[in-house]
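Notes follow once the structure below has been shown.
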Amino acid sequence: MTSESPTPETPPSLFRFFTVEHKGRTATMAVLFLLAGIAEGMGLITLLPILELAMDPTSEPTGPAAWIASALGFVGLPLSIEVLLGLLVVLFSTKALAIVAASQQAGFIVAKVAMELRLDLIQSLLRAKWLHFTGYPTGYHANAISNEAQRSAVAFREFTNALSDALMAGIYIVTVLIISWETALAATLVGGTVLLLLRGFIGETRDAGSSQASLMRDLIARLTGALPALKPIKAMAREDYLLPLMEMETTDFYKAQARAVVATSLLRGMQEPIIVAALALGLWVILTFTTVPFASVVIMAALFYRLTTTIANLQRRLAWVAEGEATYESLQSHIYAARAHKEEWEGTADSPDLVDALRLEDVAFAYGSGEPVFRHIDIELRSGEMVALVGGSGEGKTTLCDLIIGLLAPSEGRVTVDGVDLRDIDMRSWRQRIAYVPQEPLLFADSVRLNVTLGDPALTDADVERALRDAGAWEFVQQLDGGLDAMIGERGATLSGGQRQRITLARALVGTPRLLLLDEPTTALDHATEREICATLAALKGELTTLAISHQPAIRSISDRVLQLQGGVITEMEPDVESAGV
């Protein structure tokens with residue numbers, strides 16, 4: 001039935017996922033950022049002859065200004081204030097357009113990353129083994145799909161900004177080298193010093209991000225566990241006992257956020273004074289001990305400040321990336337844990353149609369290394385008959401159902417369908433022949449049609465009507481405002497308990513099932529509704545093979561046979577007999 005999956009490769013790092021999985025858009029974005037940097041660098045160089053001409057219109061251009069004059073002369077343009085200002089506008093307009101295009105590429109990547117992470121997690125969870133899926137609180141899954149995927153996307157956004165800053169810093173270094181290698185060296189040394197002195201804040205933000213990821217996961221898990229039970233909690237005035245738990249976790253999350261805020265604000269606040277102090281010292285040295293032209297001093301100061309602040313911005317971006325990376329790693333570990341426990345089926349044969357019998361032959365089962373739930377179980381469900389399964393809580397009735405479905409594999413023995421071992425059957429083919437109705441109806445806040453079909457486009461309205469008729473639901477559905485399109489509210493809130501159960505039964509019957517599994521289908525219903533549901537189930541006898549887990553006498557009374565599971569042993573009872581433990 002299922003076998004252990006090999007452990008998959010290590011989850012990709014934030015950098016590898018971004019640059020390898022999305023290399024096309026990433027390369028386009030990097031080229032556009034590079035173009036923007038080159039345009040800005042050329043624009044800053046163009047400022048030099050503009051200032052020189054403004055201060056002395058008769059001066060001969062030198063250095064980079066001479067290069068610009070030669071380039072303009074090559075295309076037949078004079079070296080004038082008007083031409084240079086026009087060139088400046090063109091260069092910075094080019095930069096703006098490149099930045100816009102690069103930002104769009106980054107936005108597309110970020111949106112796609114969030115989508116892919118969510119889909120990866122959803123697909124991995126749906127394909128994981130049942131024991132792995134149920135081993136986590138529902139809130140862990142909800143938090144990963146909503147919060148962690150979004151925070152990971154934000155980390156990607158900051159990664160794109162960091163990439164932009166890194167490319168810009170490279171362009172500025174080249175630009176400053178063209179004008180003054182001394183300025184380039186000084187700016188690089190100052191920027192490197194800032195990175196070195198303040199590197200500890202990046203580690204602090206990463207630790208804070210890791211704490212936030214863990215605390216938010218636990219908080220959402222507690223919320224999703226508590227909210228469905230809020231009515232009984234309020235009814236018994238127990239909310240004051242729940243509140244301290246929520247307050248503690250929320251407060252701890254706030255403290256982790258505060259740590260990140262303090263680290264990033266200190267990082268930002270300490271960078272600028274260091275840069276300005278270094279700039280002031282450099283200007284004092286140049287103006288006091290050299291004869292560098294004032295225009296050159298202005299350009300050198302502007303380039304120095306632009307380069308060092310870009311390096312400082314890069315460090316802040318990396319701090320934000322570090323904060324989000326912990327969330328990304330938490331999400332990826334969730335995805336890869338599910339992939340490592342992927343449900344693998346050995347069988348490839350199409351499922352038999354259950355025209356003879358379903359059998360559990362000398363079956364034993366234990367969860368992990370624990371004590372067996374039962375041993376040497378032998379059950380035969382003959383085609384078309386209805387069998388009730390009774391027994392005390394914890395005896396393993398639901399576990400038997402899970403073995404039949406293939407969600408669990410026997411520790412010993414085998415499950416067969418028409419004599420074919422379930423291990424030899426393609427599990428999807430087998431499960432398509434199963435109609436399963438849980439004790440608690442699972443309904444979506446959507447239309448009757450969607451709740452029956454679950455969005456399967458192959459199912460027509462005729463199929464839905466047939467299933468609703470078989471479930472005894474067609475009459476009341478016709479009376480709903482909108483019929484099949486009627487919205488039934490959260491968890492079917494606009495329907496009665498019996499109506500909800502009938503919609504759930506119709507969902508189970510809408511395909512072409514051969515086996516109907518019922519898990520306490522009438523426990524929460526009143527006697528009149530229970531009789532109606534039992535009449536519906538009795539009408540299905542002969543068409544479907546039915547196994548009903550139930551303590552209710554009404555279910556046992558319509559069953560062909562009643563099996564009792566007690567102490568790991570199966571015994572057969574009379575349908576109208578109520579035994580101890582039932």
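Where a number appears in this text, it was derived from the coordinates with a stated rule and is not lab data. Every value quoted in this text rests on a predicted model; they were computed, and no experiment measured them. Here Cβ is always computed from backbone atoms with ideal geometry, including for glycine, and neighbour counts include all displayed protein chains.
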> Would you list Thr399, Thr160, Thr193 from fewest to most Cβ contacts within 10 Å?
Replying inline: Thr193, Thr399, Thr160
>> Given R₀ = 51 Å, what would the calculated FRET efficiency be for Val292 paired with Tyr254, taking r from the Cβ atoms and rounding to 0.05?
In response: 0.45
>> Please give me the summed charge of the neighbours of Arg466: other residues whose Cβ is under 15 Å from its Cβ, Lys and Arg +1, Asp and Glu -1.
In response: -3
>> Rounding to the nearest 10 and keeping the result within 0 to 90°, find how far the Cα-based axis of helix 200-226 lies from the longest principal axis of the chain.
In response: 20
> How many nm separate the modelled label positions at Glu572 and Lys541, each set 7 Å beyond the Cα in the direction of the Cβ?
Replying inline: 1.6
>> Taking 51 Å as R0, compute the FRET efficiency from the Cβ-Cβ separation of Glu475 and Lys23 and round it to 0.05.
In response: 0.30
> Nearest 10 degrees, 0 to 90: what angle lies between the long axis of helix 149-179 and the longest principal axis of the chain (Cα atoms)?
Replying inline: 20
>> Let me check against my output: what whole-number percent is the relative contact order of the chain, with C-alpha pairs under 8 Å and at least 6 apart?
In response: 16
>> Please give the Cα centre distance for the range 371-443 versus the range 124-184, rounded to the nearest Å.
In response: 45
> Taking neighbour Cβ counts within 10 Å as the exposure measure, how do Leu126, Leu267, Leu505 sort from fewest upward?
Replying inline: Leu126, Leu267, Leu505
> Between Leu223 and Thr494, what length comes free when the chain is fully extended (0.36 nm per residue of separation minus the Cα-Cα distance, one decimal in nm)?
Replying inline: 95.1 nm
> Longest exposed-loop-site-free stretch of the chain, with trypsin sites (Lys or Arg not before Pro), DSSP loop and at most 15 other Cβ within 10 Å?
Replying inline: 239-582
>> 5 Å is the cut-off here: which amide hydrogens, built 1.01 Å from N in the peptide plane, fall below it relative to Phe374, excluding neighbours closer than 5 in sequence?
In response: Phe365
> Label-point separation (nm) for Leu195 and Ala349, each offset 7 Å from Cα along Cα-to-Cβ?
Replying inline: 6.5
> Ranked by Cβ crowding within 10 angstrom, fewest neighbours first, how are Thr290, Thr308, Thr138, Thr175 ordered?
Replying inline: Thr290, Thr138, Thr175, Thr308
> Roughly how tilted is helix 81-127, in degrees to the nearest 10 and between 0 and 90, from the longest Cα axis of the chain?
Replying inline: 20
> Once you put a point 7 Å from the Cα of Thr134 and another 7 Å from the Cα of Phe74, both along the Cβ direction, what distance in nm separates them?
Replying inline: 7.5
> Which whole-number percent gives the relative contact order of the range 14-340, counting Cα pairs below 8 Å spaced six or more residues apart?
Replying inline: 30
